[in-house]
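Read-outs: derived from the displayed coordinates by stated rules, not from any lab. Here the structure is a predicted model, which is why all the values come from computation and not from measurement. All Cβ positions, even for glycine, are placed from backbone atoms using ideal geometry, and neighbour counts span all protein chains on display.
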Amino acid sequence: MVKYILFIFAFGSLLLVAYNGVPNKQNWTDRKVVAQTGQVLLTDSSIVYKTDNLIVQRLSNHIYQHVSFLNTNDFGRVACNGMLVVNENEAIVFDTPTDEECSLELVNYVTEKLNCKIKVVVPTHFHGDCVGGLEIFNKHDIPVYASKKTMELLGDRGKEFSKPLNGFVDSLTLNIGSKKVYVAYFGEGHTKDNVIGYFPWDNAIFGGCLIKSVGANKGNLEDADVKAWSNTVEKISQKYPDIKIVIPGHGNYGGTELLEYTIKLFQ
């Protein structure tokens, strides 16, 4: 218990040091959510792996959440989520950890500790918290699948990779052992290209930055369509009314209350 308390204090100190100046109300609210996320994770018995750079949390039989950290000018040190689906010694990763160092940690954890082969990594949009570690996956010959919209936006920003990405239009079905994982585009929101991941056997969705954790503010709107956002999430809610696990891009995971909160936030 003592080490958890010490780590929580250290985590809070990093958040304060990473931010210079007086935060505005929106930044302060988002950073409180980040701090709360860190405290929940540090005391959660579902954690199966933890270092200073990467946390892996088991949420169900097949679903894991990976959490890495991104230093930003506006929001301090931000905890960034991704999803890992495992089945029959195979794995699919949604969003890379934020950089190559923690991406290598995740690859090693999945292959060595879970004894799984990573079949595919899927970045859910073009921002750095989704693609920051892609080259590590390339170095391990793990195919990258991204929407054509994501590929276009990466290209527009001069982002190049050592291996070509595999593109899809609005949906993608991936095999993982005897089961399937689905990737789908429902419309604009956080970005023009944001897609989600869905694993029906555990009723789990990875919403990425399209979905907000309860209590979060609107966050980074630089590439957002705030008018379309609620309608896009409403489509997801209608498509998957019985969803049990919803993982947002930042903050705590939950259930359908995250979809409801995000819809109301942008109405």
If each part is reduced to its alpha-carbon centroid, segment 173-229 and segment 56-77 end up apart, in Å, by 15
Size of electric dipole in segment 81-157: Cβ of Lys, Arg +1 and of Asp, Glu -1, about Cα centre, debye, nearest 20: 260
Within the under-15-Å Cβ sphere about Val67, not counting Val67, Lys/Arg +1 and Asp/Glu -1 give a net charge of -4
Could you please report the charge total around Glu260, scoring K, R as +1 and D, E as -1 over all other residues with beta-carbon less than 12 angstrom from its beta-carbon? 0
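So how do 186-194, 169-177, 203-211, 120-128 stack up, highest first, on mean other-Cβ count within 10 Å?
203-211, 120-128, 186-194, 169-177
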With each label point set 7 Å from Cα along the Cα-Cβ vector, what nm distance links Val214 and Lys239? 2.4
Share, in percent, of DSSP beta bridges within segment 147-250 that are antiparallel, nearest 5: 70
A chain fully extended from Asn89 to Ser171 at 0.36 nm per residue, minus the present Cα-Cα distance, gains in nm 27.1 nm
